[in-house]
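Colleague: After the structure tokens below, expect a handful of questions from me.
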Amino acid sequence: MSMILFALWFFLPAGLANSAPLLANRIPWLRNFKTPLDFGRHWRGKRLLGNNKTWRGLLFGIAIGIATAWLQQILFNNFAWAQTISQDVDYSSINVIALGGLLGAGALLGDALESFFKRRISIDPGESWFPLDQADYIVGGLLASSLVVSLTLQQYIIVFVIWFCLHLLSVYTGYILGVRERPI
């Protein structure tokens, strides 16, 4: 159980950052800031990423990642339960701007990289590409965060499995609630 809690806790900035572009799209004063990450450029006759990967989503996601890591640091410094969940990750000595920013950026850029490959093989935006749609943000976030935090192999595996399953569960729940068109 402690490993599951660790996985949920550690990767939370990336998980929230991965959802942040959807939230940013609903904030009225951010709606017009929708410049695509690829600036509309094409390569070999196809868009690099598409209109759904925007600077708004990336920057808002990074901000959410940083804010989440900052909150984790406050909780770590004030509550024993947060120190226990954190295992060997010492939030009091980590630069949480770097950790949260890397988790957020890694998650969103991992998703953008996966979109690049989807465009190359003519998979439309929003279409599922299982299991890469579920793994891209996890791999991206873990790789980027490894620049400031080293986890054990077991921790990396547990984080991956837990967040992969959470992603499947959340997408399926969205489908049941009528928010998503497809179950995966």
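The values are calculated or read from the model by the stated rules, or taken from the named source; none is laboratory data. Quick caveat: nothing in here was measured; it's all calculated off a predicted structure. Please note: Cβ atoms are built from the backbone with ideal geometry, for glycine as well, and neighbour counts cover all protein chains shown. Note: areas computed on protein heavy atoms with side chains; ligands, DNA, RNA excluded. Shrake-Rupley method; radii C 1.70, N 1.55, O 1.52, S 1.80 Å.
Colleague: Stretched out fully, how many nm does the piece from Thr173 to Thr84 gain, at 0.36 nm a residue minus the Cα gap? Intermediate values should be presented prior to the final figure.
Modeller: Working: separation 89, 0.36 × 89 = 32.04 nm, distance 3.04 nm.
The span from Thr173 to Thr84 would gain 29.0 nm if fully extended.
Colleague: Going 7 Å from the Cα of Thr152 toward and past its Cβ, which residues in the range 1-33 have a backbone nitrogen under 20 Å from where you end up?
Modeller: 1-12
Colleague: Name the longest site-free stretch of the chain, where the excluded sites are trypsin sites (Lys or Arg not before Pro) in a DSSP loop with no more than 14 other beta-carbon atoms within 10 Å.
Modeller: 45-184
Colleague: Next question, about the same structure. Rounded, prolate or oblate for the range 109-184? Axes are the square roots of the Cα gyration tensor eigenvalues, ordered a ≥ b ≥ c, and the cut-off for rounded is a/c under 1.5. Please list the in-between numbers first.
Modeller: Working: a/c = 2.92, a/b = 1.41, b/c = 2.07.
Taking the square roots of the gyration eigenvalues as a ≥ b ≥ c, the range 109-184 is oblate.
Colleague: Next up: Take the solvent-accessible surface of the protein heavy atoms, probe 1.4 Å, and return the percent of it on the chain that carbon and sulfur atoms account for. Let's see the in-between values first.
Modeller: Details: 6720 of 10210 Å².
Roughly 66 percent, rounded to a whole number.
Colleague: Per residue, how much accessible area does the range 100-184 have with a 1.4 Å probe, in Å²? Walk me through the intermediate numbers first.
Modeller: Details: 4470 Å² over 85 residues.
Value for the range 100-184: 53 Å² per residue.
Colleague: From Cα pairs below 8 angstrom and at least 6 apart in sequence, can you work out the relative contact order of the chain, rounded to a whole percent? Could the numbers behind the result be given before it?
Modeller: On the way: 267 pairs, mean separation 46.3, N = 184.
It comes to 25 percent, rounded to a whole number.
Colleague: What do you get for chymotrypsin sites (Phe, Trp or Tyr not before Pro) in the range 26-85 restricted to DSSP loop and a cutoff of at most 10 other Cβ within 10 Å of the site's Cβ?
Modeller: Working: sites: Trp29, Phe33, Phe39, Trp43, Trp55, Phe60, Trp70, Phe76, Phe79, Trp81; in loops: Phe33, Phe39, Phe79.
Those that pass, being in a loop and sparsely packed, are Phe39.
Colleague: Of Tyr156, Tyr91, Tyr175, which has the most accessible area with a 1.4 Å probe, and how do the rest follow in descending order?
Modeller: Details: Tyr156 55, Tyr91 0, Tyr175 90 Å².
From most exposed to least exposed: Tyr175, Tyr156, Tyr91.
Colleague: Now a separate question. When 1/r is averaged over all different Cα pairs and the result inverted, which Kirkwood radius in Å belongs to the range 1-156? Mind dumping the intermediate values first?
Modeller: On the way: mean 1/r = 0.0614 Å⁻¹.
Kirkwood hydrodynamic radius for the range 1-156: 16.3 Å.
Colleague: Rounded to whole Hz and in sequence order, give me ³J(HN,Hα) for the range 138-152 from the Karplus expression 6.51 cos²θ - 1.76 cosθ + 1.60, θ = phi - 60°, writing x for Gly and Pro.
Modeller: Once θ is set to phi - 60°, the couplings for the range 138-152 become 5, 4, x, x, 5, 4, 5, 5, 5, 6, 10, 9, 9, 9, 7 Hz.
Colleague: Now, a different point. Step through the residues of the range 74-83 one at a time and calculate ³J(HN,Hα) from phi using the Karplus curve (6.51 cos²θ - 1.76 cosθ + 1.60, θ = phi - 60°), rounding each to whole Hz and writing x for Gly and Pro.
Modeller: With the stated coefficients, the range 74-83 comes to 4, 5, 4, 6, 10, 9, 5, 4, 5, 5 Hz.
Colleague: What order, most packed first, do the peptides 168-174, 133-139, 63-69 have when packing is the mean number of other Cβ atoms within 10 Å of each residue? Write out the running numbers ahead of the final one.
Modeller: Values: 168-174: 14.0, 133-139: 21.6, 63-69: 23.1.
The packing order, highest mean first, is 63-69, 133-139, 168-174.
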